[in-house]
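Student: Starting off with a structure, shown below.
The values are calculated or read from the model by the stated rules, or taken from the named source; none is laboratory data. Everything numeric here is computed off the predicted structure, so don't read it as measured data. Every residue, glycine as well, gets a Cβ built from its backbone with ideal geometry; the counts of neighbours run over all protein chains shown.
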Amino acid sequence: MAFNPSNVQNIERLVRSVVNEVWRNRGTVPKFAEGKTFEKRLEPSQTARFPSAVSLRDSSAVSSKPASEQNSVSKTPKTISETVLETAVPQNKRLKSEDLLLDKQVVTLRDVEHLPKIVRRLIVPQTALLTPSVRDALDEQNIRLARYSRESIESLKTNMPQENSGRLRAGSLEIYALFTQFHPETLFSSWSKAGWSPNLRSGFVCFDGVRESIAKNQTLSVLFTSKVDEALCRLNRNEKIFAVSASSPHRMSDQWKTFPLINTIIVEPSQSGIYLTGQIVQRAAELFYL
């Protein structure tokens with residue numbers, strides 16, 4: 001069929017008449033501009049602004065939900081070692097038996113890897129720096145981390161108990177020696193002159209046996225060994241033992257202020273020397289009994 005402009009005009013008139021008839025039945029009739037008809041095409045950038053049918057259905061479904069469900073946000077569970085800031089502590093508040101106060105600006109893994117089982121909260125200054133390994137160790141041991149202000153730290157130090165209830169007030173020292181060439185009997189005379197009664201416990205071949213023996217004591221226990229780290233790990237597995245390593249008498253005083261429940265000290269005479277080792281034990285006895 002040959003193209004004829006008159007045929008196009010006839011078809012256009014027919015279409016307009018059909019459309020007019022349909023819209024007349026609906027009550028309104030669209031107005032057609034006279035002239036040549038054309039089809040407007042949308043650019044790709046314009047079509048992107050119009051949502052598809054699927055997205056429209058999805059949006060209507062979302063809008064039908066209650067506002068509480070639309071605004072709900074999944075919360076990440078808190079970890080055990082999450083920091084708790086406390087800026088003020090009442091003056092009459094004291095450290096609990098499960099609290100450990102470390103007044104240090106830098107806390108490393110060595111400070112927390114051999115903590116007694118009874119410890120459930122570690123208190124540090126607000127400005128203290130903790131290594132990632134410290135946080136991992138606290139998570140593994142289910143120990144919470146609390147950051148206190150300087151005023152709160154000083155208040156807790158002031159209200160620390162001077163002695164532990166139920167502890168036997170006596171001057172005896174339970175002495176153990178394992179995995180060391182040093183014989184602690186050489187220091188017994190100096191300790192006796194200072195008012196302490198050393199008692200050598202022998203016959204042990206492993207730290208597990210020493211641990212069971214110390215757990216039954218109510219006196220200060222001293223372990224001489226060259227395997228300090230292993231001894232700390234094994235002895236502190238018993239909740240009745242609070243063991244620390246000591247390298248100087250002055251450091252012993254600081255450790256006792258931080259954790260007054262110490263009942264066992266571990267020394268390595270090959271590093272400290274005989275004289276200094278004797279002073280360490282004597283200072284520990286003074287802190288434990290006096």
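This table checks each residue for (1) assigned to a helix (DSSP H, G or I); (2) at pLDDT below 85; (3) surrounded by fewer than 20 Cβ atoms within 10 Å (Cβ to Cβ).
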| position | (1), (2), (3) |
| --- | --- |
| Ile214 | yes, no, no |
| Asn217 | no, yes, yes |
| Leu223 | no, no, no |
| Asp229 | yes, no, yes |
| Arg234 | yes, no, yes |
| Val244 | no, no, no |
| Ser253 | yes, yes, yes |
| Ala285 | yes, no, no |
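Student: Can you find, within region 180-212, the residue that is modelled with the lowest pLDDT among those that are touching a Phe, Trp or Tyr at 6+ places or on another chain (Cβ under 7 Å) and assigned to a helix (DSSP H, G or I)?
Tutor: It comes out as Pro184.
Student: Let me spell it out: the conditions are (1) more than 28 Å from the chain's Cα centre (by Cα); (2) more than 23 Å from Lys193 (Cβ to Cβ), and Gly273 meets all of them except one. Which number is the exception?
Tutor: Gly273 satisfies all of (1) more than 28 Å from the chain's Cα centre (by Cα); (2) more than 23 Å from Lys193 (Cβ to Cβ) except (2).
Student: Report, by residue number, each residue of region 132-141 that is surrounded by fewer than 18 Cβ atoms within 10 Å (Cβ to Cβ) and under 8 Å from the mean Cα position of the chain (by Cα). Outline the logic, then answer.
Tutor: Initially, region 132-141 is screened for residues surrounded by fewer than 18 Cβ atoms within 10 Å (Cβ to Cβ), giving 132-133, 136, 139-141.
Selection gives Asp136, Asp139.
Student: Considering only residues that are crowded, with 16+ Cβ neighbours inside 10 Å, more than 15 Å from Asn263 (Cα to Cα) and touching a Leu at 6+ places or on another chain (Cβ under 7 Å), which ones fall in region 199-212? It would help to see each step written out before you state the result.
Tutor: Of region 199-212, the ones crowded, with 16+ Cβ neighbours inside 10 Å are 201, 204, 207, 210-211.
From the residues that got through so far, the ones that are more than 15 Å from Asn263 (Cα to Cα) too are 201, 204, 207.
Selection gives Phe204, Phe207.
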